[in-house]
Structure formats: structure tokens, C-alpha cells
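Data block below; observations after.
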């Protein structure tokens, strides 16, 4: 994208997506805020979806249409490789990096099943966290730090995710407390 192109598009922000796997439970939580510059344009966006008949959860950050295109592609990969989330994510990342159309999409995905969490990017990355916690988006680092600190407590995965997202919402102006939480 050239500098001229950047000025013709609004400066959109406003996603925090957090995945937590603890004690056999996997959760992805996402806030609902979408901002344009210093203005909140939507407070209840739904950025977390269930896929594969409820066996997979995906959260997205970035351009909504781009992210939804990637989620549709991921669903097709999951149909092609049932119960093989890692293979589906790697295949999606490969396509995303090599396909001329997909290569231009500006989004990130956080994808999980009951056993795995993956961050999938357009750079061809499929990253699995060492700690059972991953985050993306504007407030991702705040939510990640809070979740890592809370992992040492006896809180369950969903409570931990909700509390970490609440902390991120108090720190990041592009994150709100209107959460979508999906659990496996």
C-alpha cells in the first residue's frame, strides 16, 4: 500500500482477541469495539466465531471483510482435513502467503480447538504458544500480560480470560468490555 493509499482509508483500530487453554478447557474471548481514529464507531462487533460444528473457535483482528474471507477459507480447510487443526492452519497460511488475492488481506486469526491454539498470519506464520495463552489485536499485549499473570491462580480458563480482557479494556483505549466468549 502506498502512502497515498493509506490516506484514503480510515485509521481503523479496535480489537483484542485472547485465547486461553487451561485445565482441559479452551476459551477465545474478543471485545466488541471498532474505532476510527479517536471515534468509537461500533461497540458490539462480534469477532469470535465457532467453526467445524463447534469443534473449533476462531477470533480475528484486522479488516472485517478480509478476516471473514480467511475464516471461510479456514472452514473449507477444516472440511478437507477434519480434526486436523494444525494441518488446516498451515495449509491456510501457505495459501494466504502465495495466492495473489489472499496476500493482500489485512487480518490475523487466533484459532483453537480443545487441544491447540494457533496464531495464523499472512506472513505464513502458524504460531503455537508455549504457555497456553495467545493474543492478537490492538489490546492483545495487555490481555496477554494479564492472562499470563492470572495463569498462576486457580481460576478456570473462562474466568481467567474474562478478567484478563477486563484488564486490557481498562488500559487500551481501543478495547471495551463488551465481550464475546466461546468455550470448548
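Things to note:
- At 1.306 mPa s and 10 °C, Stokes D of the chain from Kirkwood alpha-carbon radius, µm² per second: 97 µm²/s
- Taking each residue as 0.36 nm, the span from residue 63 to residue 104 lengthens on full extension beyond its C-alpha to C-alpha distance by 13.7 nm.
- The calculated FRET efficiency for the pair residue 127 and residue 40, based on their C-beta separation and a Förster distance of 25 Å, comes to about 0.25.
- Ratio of Rg to Rh for region 77-150: 1.01 [Cα atoms; Kirkwood radius as inverse mean 1/r over pairs].
- For the residues 171, 71, 57, a GNM of the chain with alpha-carbon springs under 10 Å puts the largest fluctuation on 171.
Since every read-out is calculated from the coordinates, none of them should be taken as a lab result. The model shown is predicted, which means the values in this text are computed figures rather than measured ones. For neighbour counting, all protein chains shown are included, and Cβ atoms are generated from backbone atoms with ideal geometry for every residue, glycine included.
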